[in-house]
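Below is one structure, written out as C-alpha cells; the observations come after it.
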Amino acid sequence: MTAGVGGSDAATELEALRAGGDRTAGAEPIAEAEYRSRLEKAATLLREQGHAALYLNAGSSLRYFTGTRWSPSERLVGALLTAGGELHYLAPAFERGTLAGYLVLEGEIHGWEEHECPYQLLATVLEAGGVREGRLAMDPAAPFFLVDGVRGALPPSLELSNGAPVVAGCRERKSAAELALMQRAKDITLDVHRHTARMLTPGITTAEVEAFIHAAHRTAGTGGSTFCIVLFGPDSAFPHGVARPKVLEEGDMVLIDTGCEVHGYLSDITRSYVFGEPSARQREIWNLEQAAQQAAFDAARPGAPCGAVDAAARAVIEEAGLGPGYRLPGLPHRTGHGIGLDIHESPYLVPGNGTPLDPGMCFSNEPMICVPGEFGVRLEDHFHVTATGAQWFTAPPPSIDAPFGA
C-alpha cells in the first residue's frame, strides 16, 4: 500500500485536524498603507501610459486596490481612480450604507437610483473631477455589458482603453505580505491533502471525498474549499473531471486538486498517487511527471520568458516519447498560471509567452500527463520568483511510494 494512503476514516482525520487548532491564526490581512501604495503605483502607471483614469470593477481588482470586498453582479459597483490619485466609488443608491461598511480606504460614494443609468453617472463623476478628454482605462475583468454601457455614455473626447497593463503591472508582482498569506493558504491545503489521503477507502465516492475536503478546510480555520476536483482511475486522465465519476477501487490512480483562501489569497495544490500498489506503468508516468515539474522549476529564472518554463517541462515529456505539443498521451495544456486573489492570473506559463519572469511573480507548476483510457498524473505546487531563482511555497511529493513523505 502507498505510504500515507488509506487506513483511517473521515471522523478520525477531522478530529486530528481539529486538534491542530485554527491554522489561520496570526495571519495578517493586507494593511491600509499597502492599499494606498497600490493606488499610488496605479496612478503613476496611468500617467506613464497616457490614461486619464482607471475603472475598477467589483471583484478582485476592486479588492486589490481598495480592500473593498464586493462580488460583481448585473448592477455596476466599482471605483474610479484618476491619474491624479483621486478615488471615487460608484454603487446603487440603496447600497450606499452597506458599501460604506466594507470600505478600507475612504472616498465619496456616488449613487444611482434603479431607474437611472449607472454609466451616465460614471461619465458625470469623471467630468466633475476634470476628466473630460483622453483615455479611460477599463478593468480587464469588467464584463462586456458594462464596457459597452460605459462606451455609450462617454463623450467623444473620452475613449476606452484596456486597463490590463495598469492592473497587471501592479498585481503580477506580489509583496511580502501577499506572499505570507499565500504561504499560509498553501500550507493549510497541503495538510488537508495529507488527511484526505488517509481517509480513503474502497468504494468511497468522489462526492464523499469532496465533502470531507470542504469540512477539513473549514476545520483548519478557513471558509472551506474554494474549489475541489476528485478523480479516480481512468477519470484522472481528464484534467477537470467527468460528468459521472467512478468510485474508488484498489489500484486506482487518485487525483485531488483543491484550495482555500486566507484573507482573499488562494491556494491550489494537486496530488496524484495510487490507492494500493503502483503498477510499473503508473510508476513510469508518475516519475516522468515529477521530472517535468522539476525541469519547469529549474527553468524559472529572473528574466527568462514565461514560455521557457513551459518548454522545459514539455521537453522532458517529449523526450520520453509522449506528445509532441498538446497531443495525447502527453501534456494537453499550459504548464502553469499566475495566482493571487484570483485562482488564475496573468502571466501564464504557456508556449510563446515572452513576458520575462520578475521577482514577486507567483505561478502554479503543473505539467500534467494524460494517458487516455488509463490515468492521468498531475503534481501541482506553486513557486514565486526571487532575485536568484524560483522558491517553492510547498515542496513537491518525494515519490509515488510516499507522496507525503515518510
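Quick notes
- In the set (1) under 13 Å from CYS228 (Cα atoms); (2) of a type outside the set (Val, Ile, Thr); (3) in contact with a Pro (Cβ under 6 Å, 6 or more places away or on another chain), GLY259 fails one condition alone, (3).
- Any hit, region 141-149, residues being within 25 Å of SER73 (Cβ to Cβ), part of a loop (DSSP other than H, G, I, E, B), open to solvent by 30 Å² or more (accessible area, probe 1.4 Å) and in contact (Cβ under 8 Å) with a residue 40 or more places away in the chain: yes
- For beta carbons closer than 6 Å, sequence separation of 6+ or different chains, a first residue in region 193-214 that is among the polar types (S, T, N, Q) and a second that is not in a loop (DSSP other than H, G, I, E, B), the qualifying pairs are THR196/ILE213; THR206/VAL230.
- Residue within region 224-247 that is assigned to a loop (DSSP other than H, G, I, E, B) and closer than 30 Å to LYS41 by Cβ present: yes
- Restricting region 180-218 to residues that are within 20 Å of the chain's Cα centre (by Cα) and basic (Lys, Arg), the residue that is surrounded by the fewest Cβ atoms within 10 Å (Cβ to Cβ): ARG218
- Just one of the listed residues (CYS370, CYS362) is of a type outside the set (Gly, Ala, Ser), under 16 Å from ALA185 (Cβ atoms) and either surrounded by fewer than 16 Cβ atoms within 10 Å (Cβ to Cβ) or touching a residue at least 24 places away in the same chain (Cβ under 8 Å) (or both), namely CYS362.
- Applying a threshold of 7 Å to beta carbon distances and a minimum spacing of six or more residues, or different chains, the list of pairs starting in region 151-177 at a residue that is within 30 Å of ALA31 (Cα to Cα) and at pLDDT 95 or above and ending at one that is of a type in the set (Val, Ile, Thr) and outside any strand (DSSP E or B) reads ALA177/ILE30.
- Residue identified as modelled with pLDDT of 95 or more and in contact with a Lys or Arg (Cβ under 6 Å, 6 or more places away or on another chain) among ARG63, ARG36, ARG18, ARG47: ARG63
- Search result, residues across region 373-390 that are surrounded by fewer than 19 Cβ atoms within 10 Å (Cβ to Cβ) and either hydroxyl-bearing (Ser, Thr, Tyr) or touching a strand residue (DSSP E or B) at 6+ places or on another chain (Cβ under 6 Å) (or both): THR386, THR388
- Residues in region 309-326 that are over 21 Å from the mean Cα position of the chain (by Cα) and open to solvent by less than 50 Å² (accessible area, probe 1.4 Å): 8 in all.
- Cβ-Cβ contacts under 6 Å between residues 6 or more apart (or on different chains), taken from a first residue in region 314-334 that is free of Cβ contacts under 8 Å to residues at least 60 places away in the same chain and farther than 13 Å from GLN293 by Cα to a second residue that is open to solvent by 50 Å² or more (accessible area, probe 1.4 Å) and among the acidic types (Asp, Glu), are listed as PRO324/GLU318.
- Lone qualifier among PHE227, PHE232 - being aromatic (Phe, Trp, Tyr), at pLDDT 95 or above and either crowded, with 23+ Cβ neighbours inside 10 Å or closer than 22 Å to ARG75 by Cα (or both): PHE232
- Residues within region 195-207 that are in a helix (DSSP H, G or I) and touching a strand residue (DSSP E or B) at 6+ places or on another chain (Cβ under 9 Å), tallied: 4
- Condition broken by ALA177, with the remaining ones in (1) in contact with a helix residue (DSSP H, G or I) (Cβ under 7 Å, 6 or more places away or on another chain); (2) open to solvent by 40 Å² or more (accessible area, probe 1.4 Å); (3) in a helix (DSSP H, G or I); (4) of a type in the set (A, V, I, L, M) satisfied: (2)
The values are calculated or read from the model by the stated rules, or taken from the named source; none is laboratory data. Since we're looking at a predicted model, the values are computed, not measured. Backbone-built Cβ (ideal geometry, glycine too); neighbour counts: all protein chains shown. Note: accessible area is taken over every heavy atom of the protein model, side chains too, but ligands, DNA and RNA are not part of it. Shrake-Rupley method; radii C 1.70, N 1.55, O 1.52, S 1.80 Å.
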